[in-house]
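K.L.:
Take a look at this one; I'll ask things after.
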Amino acid sequence: MTPLPAPSRSPAPPSDGPGPCHPEDVAANPTLAGFEKKVKAAFSGELSLSTKHTPGYSRELHVKNQQGYDVRLAQARRADFFQIRWQLVDTTFYDEHGPEFTAGDQMYFDFDFHDNGQVSGKLGCNDFTAEATFTGTHLYFDDAELTSQHTCSDKVMKEEASVLATLKKSLNYSYWAEPETLSMSLNEVLAFPTREHGFSLRGIPRR
């Protein structure tokens with residue numbers, strides 16, 4: 001399989017085909033071929049479905065086959081994820097949170113996906129756009145830029161510049177949008193032992 005792009009590089013544009021892996025990828029990779037065979041076997045024959053919900057955790061779907069193998073699936077985001085405006089609350093560094101952004105609900109992402117996969121929003125003072133691609137639990141940002149040139153207080157402008165610089169620097173994020181709550185986290189995907197920066201977000205009603 002093609003490795004995930006480094007944070008300093010733009011991901012390859014999505015291409016047509018049966019998902020991230022193509023048939024020729026499997027044929028050339030014995031490990032991937034073996035994994036595919038096991039997955040096919042696990043989902044063959046009569047299957048039983050059950051769900052489990054532990055407070056504080058996402059709802060799990062369990063798929064069990066006749067041989068007793070249990071495949072656990074977790075929902076990575078809410079069904080209405082793309083209808084929610086996501087406000088940036090603060091920055092994160094490893095497991096620590098910074099102070100909340102001064103701009104409050106004027107710093108947000110709108111994942112209004114059109115045919116080009118565009119994300120729009122506001123970074124406190126100015127509007128911005130970027131290209132966004134979801135792959136599993138990974139989110140890639142590319143070509144983030146401001147689309148207006150307003151001026152605000154020094155603190156808001158510094159926060160805006162910092163967020164924009166982070167989006168341009170680290171293009172590959174892992175994300176988790178709690179299915180049962182209006183919260184989401186974005187974390188840089190960096191090689192160990194680098195400590196990841198990221199953002200925490202909350203869902204707010206559309207205006």
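Readers should treat all values here as calculations from the given coordinates under stated rules, not as data from a laboratory. All of these numbers come straight from a predicted model, not from anything done at the bench. Here the Cβ is made from the backbone with ideal geometry for all residues, glycine too, and neighbour counts use every protein chain on show.
K.L.:
Work out the FRET efficiency for ASP95 and PHE43 from their Cβ-Cβ distance, taking R0 = 30 Å, and round it to the nearest 0.05.
P.N.:
It comes to 0.25.
K.L.:
Is there a quick way to get the dipole size of the range 50-163? I mean about its Cα centre, with the Cβ of Lys and Arg at +1 and of Asp and Glu at -1; what is the value in debye to the nearest 20?
P.N.:
720 debye
K.L.:
Set the Förster distance to 35 Å, then compute FRET efficiency between LEU61 and LYS169 from the Cβ-Cβ distance, nearest 0.05.
P.N.:
0.45
K.L.:
Go ahead and run the numbers for FRET between SER162 and ASP80, Cβ-Cβ distance against an R0 of 45 Å, rounding to 0.05.
P.N.:
0.95
K.L.:
What relative contact order, as a whole-number percentage, does the range 60-207 give when Cα pairs under 8 Å and 6 or more residues apart are counted?
P.N.:
On the way: 297 pairs, mean separation 35.2, N = 148.
Once divided by the residue count of the range 60-207, the mean separation gives 24 percent.
K.L.:
Another one. Could you put PHE43, PHE109 in order, starting from the residue whose Cβ has the fewest other Cβ atoms within 10 Å?
P.N.:
PHE43, PHE109
K.L.:
Turning to a different aspect of this structure: Modelled label-to-label distance, ALA28 and THR133, 7 Å Cα→beta-carbon offset: nm?
P.N.:
Between ALA28 and THR133, the label points sit 1.7 nm apart.
K.L.:
Let me ask you something else. What order do you get for LYS168, LYS122, LYS37 when you list them from fewest to most C-beta neighbours inside 10 Å?
P.N.:
LYS37, LYS168, LYS122
K.L.:
Further, regarding this structure: Can you sort ILE84, ILE204 from fewest to most other Cβ atoms within 10 Å of each residue's own Cβ?
P.N.:
Lowest count first: ILE204, ILE84.
K.L.:
What does the charge count near ALA177 come to, summing +1 for each Lys or Arg and -1 for each Asp or Glu among other residues with Cβ under 11 Å from its Cβ?
P.N.:
0
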